[in-house]
Amino acid sequence: MVSRIPAGRSVPDAESSRDAALFTRALAALRGVTLRPELVLEEVPAPTRLSPHAVALSGEVVTSRDPDDEPVATGRFVLLFDPSGPEPWEGTWRAVTYAKATMEPEVGGDPMAGEVGWSWLMDALGSRDLRWAAEAGTVTGVSSQSFGALADREPTVELEIRASWTPLLDDVTDVVGHLQAWGDLMCTIAGLPPLPDGVVPLPGIRR
């Protein structure tokens, strides 16, 4: 977590103290999040120049018990809090995310891949009955084909979704739903089926 005193103030005033306490509540809610067992999160250093308060989580979707196997999807979730409400945000909170996974080779030639990838994010947010504003992002597909001594490697396609949006919160603890929606996106691009009814997800943040 990063929480900095605004420039020009050597000692926090009452307002900045309240803001710090609000962000601390959000952080505690995120640390208590429940996720499906394949998705593992870890706190990592947060950006220091984007807002007065920030937390960053790195995520991996791991479907194998073999520690030498690569994760099937990787990503990051950054939550920013700026009480001044930067105009482009249309609010005081901002989620900045990415999610990346290797897809089937035919995805690389699909002109609708970008729209499908973006719809996965919108569906993830919508399915949790969240409210948000000022969404923005890109969906990028990168095709790789090997030649020469590496010609026996299969062609690969990586799909990367970079997105940001402004969570509209009735209560600061509602940030958990936005993290969970990003987790749903991570599992979708990893190709995981939805959890069966009655299966309870497990906490997944390592610090």
- request: Note down the accessible area of Met103, probe 1.4 Å, to the nearest 10 Å².
  value: 40 Å²
- request: Apply the Karplus parameterisation 6.51 cos²θ - 1.76 cosθ + 1.60, with θ equal to phi minus 60°, to every residue of the stretch 69-83 and state each ³J(HN,Hα) to the nearest whole Hz, in sequence, with x for glycine and proline.
  value: 6, 6, x, 8, 7, 9, x, 8, 10, 10, 10, 10, 9, 10, x
message: Averaging the inverse of every distinct alpha carbon separation and then flipping it gives the Kirkwood radius. What is it for the stretch 42-156, in angstrom units?
response: 17.1 Å
- prompt: Residue by residue, what Karplus-based ³J(HN,Hα) values in Hz, rounded to whole numbers, does the stretch 178-191 have, using 6.51, -1.76 and 1.60 with θ = phi - 60° and x for Gly and Pro?
  reply: 6, 5, 5, 5, 4, x, 4, 4, 4, 6, 5, 5, 7, x
- line: Sparse-neighbourhood loop hits (trypsin sites (Lys or Arg not before Pro), the stretch 29-115; DSSP loop; Cβ within 10 Å at most 12 others) -> Arg49, Arg65
message: Taking R0 as 25 Å, what FRET efficiency do you get between Thr173 and Thr48 from their Cβ-Cβ distance, rounded to the nearest 0.05?
response: 0.50
- line: Per the Cα gyration tensor, the stretch 117-176 corresponds to an equivalent ellipsoid with semi-axes, largest first in Å, of 38, 10, 9
- request: Take the alpha carbon gyration tensor of the stretch 28-72, find the square roots of its eigenvalues, order them as a ≥ b ≥ c, and report rounded if a/c is under 1.5; if not, report prolate when a/b exceeds b/c, else oblate.
  value: oblate
message: As an exercise, identify the GluC sites (Glu not before Pro) in the stretch 26-84 lying in DSSP coil whose Cβ has no more than 11 other Cβ atoms within 10 Å.
response: none
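The values are calculated or read from the model by the stated rules, or taken from the named source; none is laboratory data. None of the values given here were measured: they were computed from a predicted structure. Note that we place each Cβ from the backbone using ideal geometry, even for glycine, and neighbour counts take in every protein chain shown. What goes into the accessible areas is simple: the full protein's heavy atoms, side chains included, and nothing from ligands, DNA or RNA. Shrake-Rupley method; radii C 1.70, N 1.55, O 1.52, S 1.80 Å.
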